[in-house]
4 protein chains.
Amino acid sequence: MINIGVIGCGYWGPNLIRNLVRTQGCKVKTICDLKRERLNFIKGERSNFRVTTNYKDVISDPCIQAVAIATPVSTHYQFAKEALENGKHVLVEKPLTASYAHGEELVYLARKKGKLLLVDHTFIYTGAVRKMKEIIDAGELGKIYYFDSVRVNLGIFQHDVNVLWDLAPHDISIMDYLLAKDPVSVMSTCVSHLCNNIEDIAYITVNFADNIIAHFHVNWLAPTKIRLIQIVGDKKMLVYDDIQNSEKVKLYDKGIIVGDNNREGIYKTLVQYRIGDMYAPKLDQTEALKTECEHFLECMKRGIKPITDGIAGLRVVKILEAAEKSIKEHGIIVKL
Amino acid sequence: MINIGVIGCGYWGPNLIRNLVRTQGCKVKTICDLKRERLNFIKGERSNFRVTTNYKDVISDPCIQAVAIATPVSTHYQFAKEALENGKHVLVEKPLTASYAHGEELVYLARKKGKLLLVDHTFIYTGAVRKMKEIIDAGELGKIYYFDSVRVNLGIFQHDVNVLWDLAPHDISIMDYLLAKDPVSVMSTCVSHLCNNIEDIAYITVNFADNIIAHFHVNWLAPTKIRLIQIVGDKKMLVYDDIQNSEKVKLYDKGIIVGDNNREGIYKTLVQYRIGDMYAPKLDQTEALKTECEHFLECMKRGIKPITDGIAGLRVVKILEAAEKSIKEHGIIVKL
Amino acid sequence: MINIGVIGCGYWGPNLIRNLVRTQGCKVKTICDLKRERLNFIKGERSNFRVTTNYKDVISDPCIQAVAIATPVSTHYQFAKEALENGKHVLVEKPLTASYAHGEELVYLARKKGKLLLVDHTFIYTGAVRKMKEIIDAGELGKIYYFDSVRVNLGIFQHDVNVLWDLAPHDISIMDYLLAKDPVSVMSTCVSHLCNNIEDIAYITVNFADNIIAHFHVNWLAPTKIRLIQIVGDKKMLVYDDIQNSEKVKLYDKGIIVGDNNREGIYKTLVQYRIGDMYAPKLDQTEALKTECEHFLECMKRGIKPITDGIAGLRVVKILEAAEKSIKEHGIIVKL
Amino acid sequence: MINIGVIGCGYWGPNLIRNLVRTQGCKVKTICDLKRERLNFIKGERSNFRVTTNYKDVISDPCIQAVAIATPVSTHYQFAKEALENGKHVLVEKPLTASYAHGEELVYLARKKGKLLLVDHTFIYTGAVRKMKEIIDAGELGKIYYFDSVRVNLGIFQHDVNVLWDLAPHDISIMDYLLAKDPVSVMSTCVSHLCNNIEDIAYITVNFADNIIAHFHVNWLAPTKIRLIQIVGDKKMLVYDDIQNSEKVKLYDKGIIVGDNNREGIYKTLVQYRIGDMYAPKLDQTEALKTECEHFLECMKRGIKPITDGIAGLRVVKILEAAEKSIKEHGIIVKL
């Protein structure tokens, strides 16, 4: 039985706790939050937790083998670092850290201590993304042309991070997992419409070698909820519409056929369209966070590397940091 | 009765002809195309046209008062120029010209000759865009925050222009018409996935003063057809989904309320969400091109300035040219 | 503080309990179920309930003022009767009873004992149905022409009742509430495709005076989930699409205009179509069961009649019983 | 070259003419309509037709081998009869005739004269219905459970026939083609909301042996356009949503597994749900009427029986006539 402590019990913490509680082989022992009302809330629901406002009670407890961190981004580094230094395995909410340097330090520390560092890139554990990974790895899309993502709705405005750091980690981690390619440059534009200078709408372009392009639109100020990812290759095309209740992933057997055409003595590229069947595979309906928590336990038990390990978290932070730099300098191209 | 000549009878020309034929007060006299098969096609449908492969037969005909041009973009300048010089009113397909300099010359020439120069920004004449203009001009959206547009589908790949010059004029002209503001800078990324180096996917960002931003995604290589414009202001939000058969325009009484919150001694911006009714106004169902042709006739008769005059066409070309420059220089910001 | 006992802790019971627990002014004291595993399940979640497998512990407890019944339909009569006889207020899951005679007896008993009898017609308490009631009562639809309802999906097959008694109470109660008219006859067809002779698909037609018609399609064996109600009047038309995440209720300013046309000496009815705006009103998002539980408490406290009282429940059972009779006699018309 | 005469040039006639004109191997020679304005309209479009207001000019013309009839239903019998008697092949709009007796006479006459009698059940020639036929004939659905159809929208109110005879032939012909089974009884309810006593909304139930049921909802007075057919079997489920621009046909690998369960000593039917992939096959996009016209020519040339021959037309009229009888007698069951 692995004892787990949870630091942070705000918006996301209770979801983590609910899933950890149901995960075979682990026990949520202690929950920490600075706000007493959040602790009362979580205690009201279940009685067998120890609660505390002092995170040291979690990190220094020798009975606790793993710590889950669901606090504001700016604090991830400190909590994760202390937890690792105290020999705990760590699960940390996305994004890994607020800077690449801090993230690198955590990755190094985790390796040195021989502890797990799992970043909570929740979407990677959805049935939808896992099925898309299968499809792409089987080569069904052929050579990838582009990755386009839109994640917009009204709210939830954050106080500590802008929309880039809040929403884009979801889509960037999905792209990183599915494409498994190193980007070469990043450009981004962000706008803040409120007096607080926290940006609420951002567009990010990520370039790869071989003309592959990825583009992200994240937005807290949109009239309707859209969560749409399109991945297009030279053989097939994939659409992931997370708003749908069913058939979230659709594989289109569609594309173009390019030929050379010399008719009439004029050299022209001839483009033909190929439109075939569409197929919406059955998706595993298990809650992603449940799969993730079980994966965390499994990795601890068997000493294996998590799918969303610190290195994966670091790749996401690298792109976010570059995008932030691009924004600060009015949209310049930042090489990676 | 105004006699009209049409130059260009490829994809769009027949639509123009069909609508001009039905417009009260004008007569399509001569149709010109380089391809004899296109002339046979159009003659097969109706017998009372003169057809020719020599555009001079249109431009030099003293009985013809107006010329409609539906040829490849690169030829707009020449045909429009000669037509104006010969004292004809001109209706030219979008975009006005392939360069700002050429467009400016046409605008100047039209003014000098006292002739109309109407650019076929067809969408401006749809019931949807006209209704949106009404709503925005009535101040219903409040201060505009952003304009976001996605126009993607599979095909139709053009041989002479890239996706930027092919599709973006639609959305840029809609934005220009609705916002009626001068942009300050443009950035764009474009990718070509075919061997012909004609770009098939483009993202364009247009910045205005006061933190207003516009963004465009145009794409010939997408799995499904999307034509979605979102315009968000501080009072209400507007969505124009052109794929829908009905309720294409939706006005959302939604937004955020920003307050200052000094609770707990910490200065924080408090954001609240306001979600009200949605309203989909009845839209005039008249074919846009019909309205446009009637407007062309009306402007000729009454000597008034068209809604989509040469200046409007020029504003669109200015943005396209700047976007093209940005693309060539790998995404730099181009000031206007 | 009102003490409540709950009998039945299967599929629906836990929802009732969750909402009763959060309702100000009441306390869930005892929970009864025949299955020990269900009691353990509910206890695991919260610790402050008394649990029992003997319903007498609920019904005979003098500290309990109200009983909520969420058991199989065939047992509603007995439990509600004993609860009323013991002087308890009763909230009973839909449908009220398995027969009109039994339902009538309960209504009579409740009146005699001066106790509440509230039937859990949950949908009546949704923001959507309440808004539709407002719209209809304001006369916006004009004279009602018809009510059409489709409620289909795959599952959940019941063991004790057919799809008619399982799903149709939802839509019949909505119709009864919105139209507030007495039907004159019922016809129904039902088919069972399984070996157990429990019907899984049913069509029900209900006729009213003045050519008003209502039709219901309920189905456990459908490929996709549809929950669509259309209510059409001579002025406007209302659509309630419960599958949508937003804009569930749409009011269409649409209709026909009938004139007499004597042109060409032939007497003909001239029908013209009127198509106006569409309007999707903001809906209260409160969970319906929460509103219902609060209404139950309010009615107890203030001694008022619930919206979905025994009489309302009886009207629904009357139609169900007539439909059942029609089915048994192969679709004959049953007068009410 | 086969010369064709067309009688009737109202709503549907021009579509027939447009497609016949483009069909290889035939020539539209003469067009007849009582209204001179319709003839002018059709002549304005194309000049090479002979037009007449006297149908005898079509039927007696020895140069004409085939006659297409697109007139009001009540006149189908007379025109088709005279055409057949004059030795012409006949294509007649749906429904075949206004009565079974008349239809039978035409079928007999066509056989006697050795001429084709093709009923314009247009939907049978769509890519969607032909693909569904393929799927069903390949046994993919397994044993059919039911066929459910909804075809509703606002308009077009007919003057001569009610909604049953106007819209239901589409769906009944699709059902007849796909299921290829003989129904045993029909029940129907129809309501007229206008002063003209022409019914605008109808529900029809058709029963087959083996518990197969078909149900139709046709309606001229609905707020939105719905054209949805669901066909469910014990293996798979088929949905045909004709409103969609793409993916009109979806095949769901879904169903239930019925087992017997003797747990706890109680005999119960155990139902489990099976939810697999969804597949939307590519559909032939050819206009149905084009395919139908080519089929008509092919059948004439090769002397073969059309898919939608007089017998198929008669099967549809049989159901319509029974439904009409059921309506007249307030919804009684009419045995076939």
(request) Looking at (1) of a type in the set (Val, Ile, Thr); (2) touching a Ser or Thr at 6+ places or on another chain (Cβ under 9 Å); (3) not assigned by TED's automatic domain parsing to the domain that holds A:ALA322, find the lone condition where A:VAL152 falls short. (result) (3)
(request) Return a yes/no flag: does the range B:38-56 have any residue that is loosely packed, with under 15 Cβ neighbours inside 10 Å, farther than 19 Å from B:LEU297 by Cβ and in contact with a helix residue (DSSP H, G or I) (Cβ under 7 Å, 6 or more places away or on another chain). (result) yes
(request) State which residue is farthest from the other protein chains (Cβ to nearest Cβ) when the search covers only the range C:320-336 and only residues that are more than 16 Å from D:ILE327 (Cα to Cα), out of contact with any helix residue (DSSP H, G or I) (no Cβ under 8 Å at 6 or more places or on another chain) and surrounded by 20 or more Cβ atoms within 10 Å (Cβ to Cβ). (result) C:ALA322
(request) Give the number of residues within the range D:3-20 that are surrounded by 20 or more Cβ atoms within 10 Å (Cβ to Cβ) and not in a strand (DSSP E or B). (result) 7
(request) Would you point out which residue out of C:ILE59, C:ILE69 is more than 16 Å from the chain's Cα centre (by Cα) and hydrophobic (A, V, I, L, M, F, W, C)? (result) C:ILE59
(request) Only residues that are of a type in the set (Ser, Thr, Tyr) and either within 14 Å of chain D (Cβ to nearest Cβ) or in a loop (DSSP other than H, G, I, E, B) (or both): list them for the range B:21-66, please. (result) B:THR23, B:SER47, B:THR53, B:TYR55, B:SER60
(request) Could you list all residues from the range D:272-290 that are assigned to a helix (DSSP H, G or I) and crowded, with 19+ Cβ neighbours inside 10 Å? (result) D:ALA288, D:LEU289
(request) Confirm whether B:LYS254 is more than 11 Å from every other protein chain (Cβ to nearest Cβ) and either surrounded by fewer than 21 Cβ atoms within 10 Å (Cβ to Cβ) or in contact with a strand residue (DSSP E or B) (Cβ under 8 Å, 6 or more places away or on another chain) (or both). (result) no
(message) Would you confirm whether or not the range A:82-89 contains a residue that is closer than 28 Å to A:VAL163 by Cα, within 20 Å of the chain's Cα centre (by Cα), at pLDDT 95 or above and not hydroxyl-bearing (Ser, Thr, Tyr)?
(response) no
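Name the residues in the range D:209-247 that are within 30 Å of C:VAL258 (Cα to Cα) and either facing another protein chain (nearest Cβ under 9 Å) or without any contact (Cβ under 8 Å) to a residue 12 or more places away in the chain (or both), would you?
D:HIS215, D:HIS217, D:ASN219, D:TRP220, D:LEU221, D:ALA222, D:PRO223, D:THR224, D:LYS225, D:ILE226, D:LEU228, D:ILE243
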(request) Report the residue count in the range D:135-145 for those that are away from chain C (no Cβ under 14 Å) and either under 13 Å from D:VAL316 (Cα atoms) or assigned to a loop (DSSP other than H, G, I, E, B) (or both). (result) 2
(request) Mind telling me which of the residues D:LEU154, D:LEU141, D:LEU178 ends up being over 21 Å from D:LYS325 (Cβ atoms), of a type outside the set (Asp, Glu) and in contact with a helix residue (DSSP H, G or I) (Cβ under 6 Å, 6 or more places away or on another chain)? (result) D:LEU178
(message) I'd like to check something: does the range C:175-189 contain any residue that is within 11 Å of chain D (Cβ to nearest Cβ), crowded, with 16+ Cβ neighbours inside 10 Å and of a type outside the set (S, T, N, Q)?
(response) yes
(request) Output the number of residues of the range B:194-208 satisfying the condition of being farther than 16 Å from B:ALA322 by Cα, within 8 Å of another protein chain (Cβ to nearest Cβ) and among the polar types (S, T, N, Q). (result) 1
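Within the range A:151-161, track down each residue that is in a loop (DSSP other than H, G, I, E, B) and either more than 10 Å from chain B (Cβ to nearest Cβ) or not hydrophobic (A, V, I, L, M, F, W, C) (or both).
Of everything in the range A:151-161, those that are in a loop (DSSP other than H, G, I, E, B) and either more than 10 Å from chain B (Cβ to nearest Cβ) or not hydrophobic (A, V, I, L, M, F, W, C) (or both) turn out to be A:GLY155, A:GLN158, A:HIS159, A:ASP160, A:VAL161.
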(request) Report, by residue number, each residue of the range D:75-118 that is part of a strand (DSSP E or B) and touching a residue at least 60 places away in the same chain (Cβ under 8 Å). (result) D:HIS89, D:LEU91, D:VAL92, D:GLU93, D:LEU117, D:LEU118
(message) Suppose the filter is farther than 20 Å from B:ALA322 by Cα, out of contact with any helix residue (DSSP H, G or I) (no Cβ under 9 Å at 6 or more places or on another chain) and touching a residue at least 60 places away in the same chain (Cβ under 8 Å); does B:PRO72 pass it?
(response) yes
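Given the condition more than 30 Å from D:PHE157 (Cβ to Cβ) and at pLDDT 95 or above, answer yes or no: does some residue in the range C:246-266 qualify? Please lay out each step first, then the result.
First pass over the range C:246-266, keeping only residues more than 30 Å from D:PHE157 (Cβ to Cβ): C:246.
Subset that is at pLDDT 95 or above: none.
Within the range C:246-266, none of the residues are more than 30 Å from D:PHE157 (Cβ to Cβ) and at pLDDT 95 or above.
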(message) I need the full set of residues from the range D:291-335 which are outside any helix (DSSP H, G or I), under 19 Å from D:ILE174 (Cα atoms) and not polar (S, T, N, Q), in order please.
(response) D:LYS305, D:PRO306, D:ILE307, D:ASP309
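Test of understanding: among D:ASP171, D:ASP148, D:ASP120, which residue is crowded, with 19+ Cβ neighbours inside 10 Å, within 14 Å of chain C (Cβ to nearest Cβ), under 19 Å from the mean Cα position of the chain (by Cα) and of a type in the set (Asp, Glu)?
Working: D:ASP171 fails: within 14 Å of chain C (Cβ to nearest Cβ); D:ASP120 fails: within 14 Å of chain C (Cβ to nearest Cβ).
After applying the criteria, what remains is D:ASP148.
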(request) Kindly indicate which of A:ASN207, A:ASN196, A:ASN219 is among the polar types (S, T, N, Q) and within 20 Å of B:ARG151 (Cα to Cα). (result) A:ASN219
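The values are calculated or read from the model by the stated rules, or taken from the named source; none is laboratory data. Note that this is a predicted model, so its numbers are computed, not measured. A quick note on method: Cβ atoms are made from the backbone with ideal geometry, for glycine too, and the neighbour counts reach across all protein chains shown.
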